[in-house]
Amino acid sequence: MRRSHPTMRGILHYTTEEGHTRSLISLYVLHSLHCKPKTGYDLLKEIEEVTAGAWVPSKGTLYPLLHSLADEGLVTEEETGIRSKTIYSLTSAGEEVLSAIKACRHQSREQLLLLKTLHTRIFGEERASLREMMWEIREYIHTLPTEKHEEALEILRGCKKRLLELRDEERSG
């Protein structure tokens with residue numbers, strides 16, 4: 001049975017209510033430049049660090065993306081220094097696009113659920129009930145009001161402590 005996702009154009013692509021689609025990598029670049037201006041090299045190193053080296057886009061992926069974002073007016077390019085480093089900064093239009101996509105964050109949860117389903121189908125069901133519980137907890141956390149976050153954190157710390165105890169019992173026994 002195929003479900004309809006009116007604002008979802010594919011796994012790891014995000015679409016605003018106006019229909020503008022962005023890849024996960026472009027969304028991350030906008031997010032990163034929102035934090036502070038960077039060179040392309042800085043972005044590559046940051047992505048490598050964030051993914052613990054598991055994935056780093058090629059220069060042939062990142063630099064055309066940066067130029068495309070500049071052509072759209074979402075980032076600016078400023079050359080500086082003797083080596084003519086290009087520093088990329090987020091524009092106000094880029095801020096608006098980032099905010100619009102973040103406003104559609106429900107897509108992220110839907111995409112993660114799709115990936116989870118595919119992963120479970122490929123790798124098996126032996127721990128599916130535990131995974132299901134984790135996803136349910138994650139969803140509950142997303143719906144909690146801000147004033148309940150600290151209480152939820154304490155509950156999760158207690159769960160983590162108990163799970164570590166169970167693991168250690170298994171290892172020692």
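Read-outs: derived from the displayed coordinates by stated rules, not from any lab. Nothing here was measured: the structure is a model prediction, and the numbers come from that model. Ideal geometry is used to build each Cβ from the backbone, glycine not excepted, and the neighbour counts take in all protein chains shown.
Is the shape of the stretch 125-172 best called rounded, prolate or oblate, per the rule: a/c under 1.5 gives rounded, else a/b larger than b/c gives prolate, else oblate, with a ≥ b ≥ c the square roots of the Cα gyration tensor eigenvalues? Cα axes put the stretch 125-172 in the oblate bin. Largest first, the three principal axis extents of the alpha carbons in the chain are 63, 42, 39 Å in whole numbers.
Placing unit charges on the Cβ atoms of the charged side chains and taking the dipole of the stretch 47-152 about its Cα centre, the candidate lying farthest along the positive direction among L69, T143, L118 is L118.
Which shape class applies to the stretch 54-150: rounded if a/c is under 1.5, otherwise prolate when a/b exceeds b/c and oblate if not, where a ≥ b ≥ c are the square roots of the Cα gyration tensor eigenvalues? Because a/c hits 1.5 or more and a/b exceeds b/c, the stretch 54-150 counts as prolate. On C-alpha positions alone, give me the angle between the axis of helix 40-50 and the longest principal axis of the chain, in degrees, nearest 10. For helix 40-50, the angle is close to 0 degrees.
Mean residue ellipticity at 222 nm from the helices of the chain, using -39,500 (n - 2.57) per DSSP H segment of n ≥ 4 over the full residue count, to the nearest 500 deg cm²/dmol?
-20000 deg cm²/dmol
The C-alpha radius of gyration of the stretch 13-102, expressed as a fraction of 2.2 N^0.38 Å, stands at 1.06.
Between S68 and L113, what length comes free when the chain is fully extended (0.36 nm per residue of separation minus the Cα-Cα distance, one decimal in nm)?
Extra length available between S68 and L113 comes to 13.2 nm.
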